[in-house]
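Notes to accompany the following structure.
The values are calculated or read from the model by the stated rules, or taken from the named source; none is laboratory data. Since the model is a prediction, treat every value here as computed from it, not as a measurement. Every residue, glycine as well, gets a Cβ built from its backbone with ideal geometry; the counts of neighbours run over all protein chains shown. These accessible areas exclude ligands, DNA and RNA; they are computed on the full protein's heavy atoms, side chains included. Shrake-Rupley method; radii C 1.70, N 1.55, O 1.52, S 1.80 Å.
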Amino acid sequence: MEKNHVRIPMNGTVLELIEGDITELEVEAIVNAANEKLELGSGVAGAIKKKGGPTIQAECKRIGGTGVGTAVITGAGELDAKHVIHAVGPKMGDGDEDRKLSSAVRSALALADRHGLKSIALPAISTGVYGFPVDRCARITLTEIHRYLQGGTKLERVVVCLFGDDSFKTFRQELRRGFR
Ligand code: ADP
């Protein structure tokens, strides 16, 4: 069905790269590339808002906000997923971006684990409105997922969902480079 799809086993979990729309995936949780105020605007958040309906934003409003590099969880409204995990990546130029992005990815995975979820899909956090280079995001995101999966997890499936052929190919290239 999907033209661009890679699947590799990683320490008992399956890591997948899929080109597509994250709101269409059959996973228990999808990750929103959120902002600190948890306001659903454009990009991934816009797609989540449009397809998920108003309850997600309402829940975000009750939570109030979360810092860069952290994540919070809400329901998923009318989406197929059960939860949306709102992870806040860094804005390019704000400093210490790599560490903040690693932290956002790790926080999202850990939150899924804490809720006993088996599958999660993440977008290329910070590479849209926040201006982070895709190749750097690919290296950091995949390194952090790899590291997380070495530490013991109940997650069976971790998907990185890429919007467009260019992003997909950049992530696939980084994956092929391997981890050291
Ligand atoms: P940020 O503000 O963290 O940069 P964005 O949502 O603007 O977040 O973009 C993050 C990445 O997600 C970008 O590469 C963008 O192309 C991609 N993207 C946008 N919409 C979707 C979607 N529906 N599914 C998956 N990825 C998406």
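Once both labels are positioned 7 Å from their Cα atoms along Cα-to-Cβ, the gap between residue 118 and residue 179 label points is 2.2 nm. Phi-derived couplings, Karplus 6.51 cos²θ - 1.76 cosθ + 1.60 at θ = phi - 60°, listed residue by residue for the stretch 99-113: 5, 5, 5, 3, 5, 4, 5, 4, 4, 5, 5, 5, 5, 4, 4 Hz, with x used for Gly and Pro. Under 5 Å between amide hydrogens, built in the peptide plane, is the criterion, and for residue 160 it picks out 16, 17, 18, 122 among residues at least 5 positions away or on other chains.
Counting every alpha-carbon pair across the stretch 5-177, the share separated by more than 24 Å comes to 26%.
Rounded to the nearest 20, the Cβ-based charge dipole of the stretch 5-177 about its Cα centre (Lys and Arg +1, Asp and Glu -1) stands at 320 debye. In summary, the lysines within cross-link reach of residue 169, defined as a Cα separation below 20 angstrom excluding same-chain residues under 8 places away, comprise 3. Bridging of residue 91 to lysines at a Cα separation below 17 Å is possible for 37, 100, once same-chain residues fewer than 8 apart are set aside.
Using θ = phi - 60° in the Karplus curve 6.51 cos²θ - 1.76 cosθ + 1.60, the 3J(HN,Hα) couplings for the stretch 16-30 round to 10, 10, 10, 8, x, 9, 4, 6, 9, 7, 8, 9, 6, 9, 10 Hz; x is entered for Gly and Pro.
Its relative contact order, with pairs defined as Cα atoms under 8 Å and 6+ residues apart, puts the chain at 28 percent. Multiplying the residue separation of residue 92 and residue 37 by 0.36 nm and removing their Cα-Cα distance gives an extension gain of 18.1 nm. Residue by residue, the stretch 83-91 carries 3J(HN,Hα) couplings of 9, 10, 9, 9, 10, 9, x, x, 8 Hz when phi is fed to the Karplus relation 6.51 cos²θ - 1.76 cosθ + 1.60 (θ = phi - 60°); x denotes Gly or Pro.
Computed from point charges on the beta carbon alone (+1 for Lys and Arg, -1 for Asp and Glu), the dipole magnitude for the stretch 1-91 about its Cα centre is near 340 Debye. Between the stretch 105-172 and the stretch 1-62, the C-alpha centres lie 10 angstrom from each other. The share of accessible area on the chain that comes from carbon and sulfur is 48 percent, using a 1.4 angstrom probe.
Averaged over its residues, the chain has an accessible area of 48 Å² per residue, based on protein heavy atoms and a 1.4 Å probe.
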